[in-house]
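The values are calculated or read from the model by the stated rules, or taken from the named source; none is laboratory data. On a predicted model such as this, the values are computed, not experimentally measured, just so you know. Methodologically, a virtual Cβ is constructed for each residue, glycine included, from the backbone with ideal geometry; neighbour enumeration extends over all protein chains shown. Quick note on the areas: whole protein, heavy atoms, side chains included, nothing else; ligands and nucleic acids left out. Shrake-Rupley method; radii C 1.70, N 1.55, O 1.52, S 1.80 Å.
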Amino acid sequence: MKYNQETRLPRPSVCDTGASVPIPQAEEVRDLLAKGKTKPAVELAKEIHKRCGWPESEALLVDAYAARIRSLLKTGLKEEAKALFELVHERYSAAAARLADVGVLVSAAKGNLEELLRPLSDPALPQETRRAIENVVKGQVCDLSAVAQCAALPADHPLRTAAAALLRAFATVTIGPVEESALVLPEVSHRGPLASWKTLVRAIAYFYRQDDAACEHGLRMIDPDSAPARLIPVLRTMLRMSAAERLAPAGDSLVDRVCGSAVSLRRALQALESAFETRVQGKILPEIQRAIAACEVAYPELLERLRQHISVRSLHLDLPTRKVRAALGGASIKNAYFWRLYAWSEESSREPLVPIICAQWEQFRRHAVAEGWFGENSQEAAALYLHMAELLLEVPVETLERLPSNFAAHFSGFQTFYEDQPPVIRAVEAKYKKRDLYFLSPSDLFERACRIDPHREAFEQWLNWAREESDWRAADHVAERWHQALPNHSQPLLYLMESAEKRGAFNKATAFLEQAQKLDALNPEVRRAALRLLVAQTGRHLRQRKPHLVEQDLAALEALPQAQVADRPAFLVALRWACEVIRGDAELASSFLSQIGRLLGSSAAAIFACENAGDLAGLTRADFDRYLPQVSLDPADSLISATARVSVLGDDVGAPFTIPTAWHGGLWQELTNGQGELASRQLEMLGKVALRTNQKELAYAASVAGLEMGGDQEARFLLLRARALPEWEIERRDDCIAATIELGRRRRDMSIINEAMELWRGRRNALTNFFDWLGSENWHDFSMTTEELNAVLQHEKHSRRFPLDRHARYRAPFRETVFLDDAEPEKDDEPFTLDDIDQLVAEMGQPRGKRQKRVRRDLPGQGDLF
């Protein structure tokens, strides 16, 4: 065995295969280098080499020194790095090749570009050294002109030609538009050290073309370790007109030179927005001044619009008028743009006041007409009338009736808004000296809209509103106006037919039906109306005990094709059964009962159909006991299936069926036990029929079974759940209604949306809900996120039992109940009266100062306003 030195470890002999010799603790050195601990790594490598003295240990030590030199350069210690490099290079000259890339870095740190690039002119330059120089060029060289003119390289060197081509391209793209062919730059290799510069040139060209997407794509393609990557934040700031990160002073200067002062304005507006969010006056007013000053420099033509936007935001925060006006440099112009902006912002606020919003839209209409936005009787004006009417539809009926008088008594108008306004603006307000509060009457608004622009949707809204008012004369008037304006529409005739039918005016109803049939006999609505009217007429003649007229009605019914669909023939036989009961023919009545059982496939269904046909005919309990004896049901005969089937039949023929009281317990038991396979419509109609006799437990059980089905019918069973809940489940019912509307919106089911809105308005019109309307948040907004919708669905699907505990507290599954000051809500068992409403409306007009708890803020016109 041979020894290198007396104090060193013997170097183990190796085979002639050239296998490397393992070095003790070498892995520890490499671990330290991987962690960036270069100084301890050097010390440990020195100890290893001192003990071993092998070529392998020397190579390990040189690698540790190389990492140390890189670390010194990264921290800016250029002189120390240079001294260490020269020392290592002199002491371990045999390992010079391992220091080639580090030598390039040291040369680059000197700032001598020619010294850095000179080795590239040597064709025999080792590949590792060449790659190291190119990496330095890619990541550190920023002066392309110096590269293009570098005397250390031949004039035709690829690096010089590429730099020269990039310089020409830079000059071209920053002067004007360029063709795509000018951006090819074949002199610049996509694998070369200047490849990212070519991508930067293209991104700049796309920036000036206004092609933001292509520019952003180019910025993403730039190597983040290359010198051009330093311009990525600057270009992105120019693209977005705002800085996602703080730029260096040189970057800010370049942005200002390229984009002017637009970025400064955007930053001022962002600072103003942040100040508004704090709601602190001392922070907002200085930012208003800065934003106004920046806008005057950048876009003076937009200065007035900015004043108007800031004025509206300040109005919402009740900031002092004079201070805001001083910060704005003057009062904002109250033209059509201002009033539209003000009305929009009020509509989107957390506590919108509908009467004030309608008054603001009226101010907008006046100024828009005066400024030539649209004409007095234009379609735009009609659309505005409809919009105001739709807002008023959300106001409870009792409040709406007294709103004009209360509003006139406590609202002084918008006179203070017109102080310091130009004469042309004040002239518009002066033109309307007589106060006209038509904008607080849905009837007047609908009438104006339909007179200017008559169309189906407008008349439908008007008619639906009149029907909700429970004034059949007003509703008939609307339908007549609709028929006069649009004589080819069958819908108003069908409504007039239904209205006349409800009043018992069957001759009028028949006349309206005949007109509708002449217009559109194949319309499904017209066909259903014909069936419903004949059934109602048959019921009237049965109640009048006129069997001969009943025979004529039944013959007419049997002649209708729509009366022969599904189970409808069974109902016609049930009407004949009722007629025979009136005549006293027990044998024929029994025969008809058996026929009904065969048609419906169930004796229970036959009894249910005859019970309701008898109710329609006005039969007495004695008649039922005599001609409809208790029939023992077949054990295989499902009571729930029979009832659900006949409930659908009643809906088909337009007859209000009810469930026999004695059946309720059995039906509930079968439904909760999951007996009988019912279709979704059968379940829904079963629940609706149960609600007619206030059997909410049965309707709730039907909603449980329906929600388990899932699918597209979830909205209908959520609405059934809302109807079946006890009256004290107010918040839960509201969540079910909102979820129903959201599902209907997503599935474009307008029928379920209309049903849900009808239920909502019916609840809202209750007097006790006025207080909620005034102070609730988002009362007009039924939208839900997917998470909120799923939370309501899951909660209702898991709530299988009918709620019986009146004092159990419902917590919405998608929100937390919050109380101010950690206090429990006050309990108030006193009813809310009309006198309370008058007091609230009066309080809405009080001057500034300490306001009542529930009042949002003063009405415009009652204090200092902009």
query = Residue check: is SER181 polar (S, T, N, Q), part of a helix (DSSP H, G or I) and over 15 Å from LEU235 (Cβ atoms)?
reply = yes
task = Out of LEU117, LEU84, report the one residue that is at pLDDT 80 or above, among the hydrophobic types (A, V, I, L, M, F, W, C), surrounded by 17 or more Cβ atoms within 10 Å (Cβ to Cβ) and under 60 Å from the mean Cα position of the chain (by Cα).
result = LEU117
request  = Being open to solvent by less than 30 Å² (accessible area, probe 1.4 Å) and free of Cβ contacts under 8 Å to residues at least 24 places away in the same chain is the filter; apply it to segment 526-563 and report the residue that is farthest from VAL648 (Cα to Cα).
outcome  = HIS541
request  = Among residues belonging to segment 323-354 that are farther than 14 Å from HIS309 by Cα and of a type in the set (Lys, Arg), point out the one that is farthest from the chain's Cα centre (by Cα).
outcome  = LYS323
query = Do we find a residue being at pLDDT below 85 and outside any helix (DSSP H, G or I) anywhere in segment 128-139?
reply = no
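Table: residues versus (1) free of Cβ contacts under 8 Å to residues at least 12 places away in the same chain; (2) over 25 Å from HIS387 (Cα atoms); (3) in contact with a Ser or Thr (Cβ under 8 Å, 6 or more places away or on another chain).
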position: ALA294; (1), (2), (3): no, yes, yes
position: ALA298; (1), (2), (3): no, yes, yes
position: GLU304; (1), (2), (3): no, yes, yes
position: HIS309; (1), (2), (3): no, no, no
position: SER314; (1), (2), (3): no, yes, no
position: ARG322; (1), (2), (3): no, yes, no
position: ILE333; (1), (2), (3): no, no, no
position: ALA359; (1), (2), (3): no, no, no
task = Inspect all residues belonging to segment 571-583 and state whether any of them is at pLDDT 90 or above, of a type in the set (Phe, Trp, Tyr) and within 54 Å of the chain's Cα centre (by Cα).
result = yes
message = Is it the case, given these coordinates, that GLU551 is in a helix (DSSP H, G or I), among the charged types (D, E, K, R) and not assigned by TED's automatic domain parsing to the domain that holds ARG532?
response = no
request  = State all residues of segment 446-471 that are part of a helix (DSSP H, G or I) and surrounded by fewer than 15 Cβ atoms within 10 Å (Cβ to Cβ); if no residue qualifies, say none.
outcome  = ARG451, ARG456, GLU457
inquiry  = Criterion first (among the polar types (S, T, N, Q), at pLDDT 80 or above, open to solvent by less than 80 Å² (accessible area, probe 1.4 Å) and within 59 Å of the chain's Cα centre (by Cα)) does SER145 satisfy it?
reply    = yes
request  = Of the conditions (1) modelled with pLDDT under 90; (2) over 22 Å from ARG236 (Cβ atoms); (3) crowded, with 19+ Cβ neighbours inside 10 Å, GLY176 clears all except one; give me its number.
outcome  = (3)
ask   = Restricting to helices (runs of 4 or more DSSP H) lying wholly in segment 316-435: which have 3 or more residues that are surrounded by 14 or more Cβ atoms within 10 Å (Cβ to Cβ) and at pLDDT below 90?
value = 397-410
ask   = How many residues, within segment 502-516, are touching a residue at least 24 places away in the same chain (Cβ under 8 Å) and among the charged types (D, E, K, R)?
value = 2
task = Hey, could you check segment 737-773 for residues that are at pLDDT 80 or above and polar (S, T, N, Q) and say which is most open to solvent (accessible area, probe 1.4 Å)?
result = ASN754
ask   = Taking segment 148-173, which residues are under 53 Å from the mean Cα position of the chain (by Cα) and open to solvent by 40 Å² or more (accessible area, probe 1.4 Å)?
value = LEU167, ARG168, PHE170, ALA171, THR172
key: Among (1) touching a residue at least 60 places away in the same chain (Cβ under 8 Å); (2) part of a helix (DSSP H, G or I) - the single one ALA566 does not satisfy   = (2)
message = Can you tell me how many residues within segment 275-298 are closer than 22 Å to TRP344 by Cβ and surrounded by fewer than 18 Cβ atoms within 10 Å (Cβ to Cβ)?
response = 2
inquiry  = I'm trying to understand the selection: among the residues of segment 717-736, which are under 12 Å from MET784 (Cβ atoms) and either of a type in the set (Gly, Ala, Ser) or crowded, with 22+ Cβ neighbours inside 10 Å (or both)?
reply    = LEU718, ASP735, CYS736
note = The residue that is farthest from ALA563 (Cα to Cα), considering only those in segment 672-683 that are open to solvent by 20 Å² or more (accessible area, probe 1.4 Å) and in contact with a helix residue (DSSP H, G or I) (Cβ under 7 Å, 6 or more places away or on another chain), is THR672
remark   = Conditions (1) under 22 Å from LEU117 (Cα atoms); (2) at pLDDT below 80 -> ALA66 fails only (2)
note = Considering segment 192-223, residues that are charged (D, E, K, R), farther than 22 Å from CYS142 by Cα and not in a helix (DSSP H, G or I), and then whichever is most open to solvent (accessible area, probe 1.4 Å), we arrive at ARG209
ask   = Taking segment 702-716 as the region of interest, how many residues are open to solvent by less than 10 Å² (accessible area, probe 1.4 Å) and aliphatic (A, V, I, L, M)?
value = 3
